[in-house]
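As C-alpha cells, the structure follows; a few thoughts come after it.
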Amino acid sequence: MATWRKVIVSGSDAVLNQISASGNIVPKDNNSQTLGTSTLAFGDLFLGSGGVINFNDGNATLTHTTGKILTNADISGSSTTTGSFGRLELNGDAQINGNITFGDADTDNIAFSGEISSSLIPNDDDAFDLGAESKAWKDLYLEGDIILTDAGQLKTNAGNLTIDSTAATLVLDGHTGVDIDATNSGKVSIDGAGGIDIGVASDVAIDIDSSTLDIDASGNVTIDASGGSISVGTNSSGRAITIGHTTSEVTIGDNLTVNGNATITGDLDVNGTLTTIDTTNLSIKDQLIFAASGSHSSNVDAGLLIQSGSVANTGSAFYHDINSERWAVAKTIAQDATAITPLQFMTTVTLNSSAPSSDNGDYGVGEMWIETDTQDIYIRTN
C-alpha cells in the first residue's frame, strides 16, 4: 500500500500534528508575525525550568525559578484579576490603584518587614478600631500628640494605668476642668518626690469637698493666706473643731479672736504684760485668787485697780502694800503701775478674850483689838 505526505510550499496553508525542532523556531520578520490569532489560540505553553519569556529584547521578562515567576518590569492593568497566588514577591516598587483586600479570614496573617512612610488614615470617621479587646497591640510609640476628636476614655481592663513623663513635667489641661476620680471604691493618691503644689497659678480658688479630710504630715503643716483670712468650720453652726493632741502644744503666733464661748478644760497660762477682759460682768468660780505669783523672790505691790475719775486707764487701788506688809488703798493709779504709794491702810480687827499686850499686833498702827469678855476696844498707836 502506498503512503503519501503533503509537501508544504511557500504560500500554502499547513496543518501540522506536531512539530519537533532541534534548533530555534524564529519568525521571518521582527515583530510582525503572531503565534496564534484572536480566533485561533493555542492552548498551553510548556517551558522548562529557568525558562524566560522575553519582551522586546529584555525590556521586560518573565523568568522561572523554583516555585516562582520573576519579572524585571512593572505589572499594570485595568481589568479585574481573579484567582489566587501561592506567593507574590516583588523586588522593587509596587503601586496598586484601587481598593485592596488582604486576607479573607482572621486566620490570615499580614506581616510588614518594611516601614510605613505615609500617614495611616481610615476611609471613614469613627468607624474602625486599632486592635480589639481580645487581640490588643503591645507598645505604642509616638512622637507627637494624641488627639481625640470626640469624647473617649483612656483605661485599662487589668492592672494599673501609669502615665509617666520621664523627661519633663506631666501636664493635664482640661478646657472646662480636670476631673480626677476613683469611682469603684478606690482612692486617689497624689505623690511627688519633690513635693506637691496645688494652685500654682496665683489667685485661683481651691475647693475641697469630702466627707472626711485628713491632712497627715511627718513634718510641719503650714496654712497661709497672704491676701485674706483663714476660716475653719464656718458653713454650719455647732461643729466641733479640735486642734492638737491631748499631750501636744498648740502655738498661735498672732492675735486670737473667739466670737463664741470658749471652754478650757485644762490649765490656762497667759504670758504677756497685760491681760484685758472686756465683759459686762466677771464670774470666777475659783475659791482663791493668787496674784503676783511670780514675785516670790522679790515681792511687789499687788491687788485690784478699779477705773475711777475722768482720766482714762487710771483708778483707785485696793492692794497689799509690800513695804508695810498691810492692805492699803490709793487713788489715781495708772493701769500699768508696778509700785503704789499707799493713801490709807485698811483696819484689821483681832478678837480675843483678854486685853492686848505690848507683844501683840500684826499689822502696825491703826489695827484694832476687841476684848470679847469686857467688850473693850483698843487701837494700836505705835
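Observations
- Scope the stretch 349-366; condition touching a strand residue (DSSP E or B) at 6+ places or on another chain (Cβ under 7 Å) and closer than 30 Å to Gly315 by Cα; matching residues: Val349, Tyr363, Gly364, Gly366
- Residue within the stretch 85-100 that is assigned to a loop (DSSP other than H, G, I, E, B), farther than 26 Å from Thr66 by Cβ and among the charged types (D, E, K, R) present: no
- Leu274 farther than 23 Å from Ala337 by Cα and not assigned by TED's automatic domain parsing to the domain that holds Ala330: no
- Pairing each residue of the stretch 355-382 that is surrounded by 15 or more Cβ atoms within 10 Å (Cβ to Cβ) with any residue that is among the basic types (Lys, Arg), provided the two are 6+ apart or on different chains, yields C-beta distances under 6 Å for Gly361/Arg380; Tyr363/Arg326; Glu367/Arg380.
- Residue match in the stretch 38-58 (condition: assigned to a loop (DSSP other than H, G, I, E, B) and closer than 26 Å to Ile96 by Cα): yes
The values are calculated or read from the model by the stated rules, or taken from the named source; none is laboratory data. It should be emphasised that the depicted structure is a prediction, and the values quoted were computed from it without experimental measurement. A quick note on method: Cβ atoms are made from the backbone with ideal geometry, for glycine too, and the neighbour counts reach across all protein chains shown.
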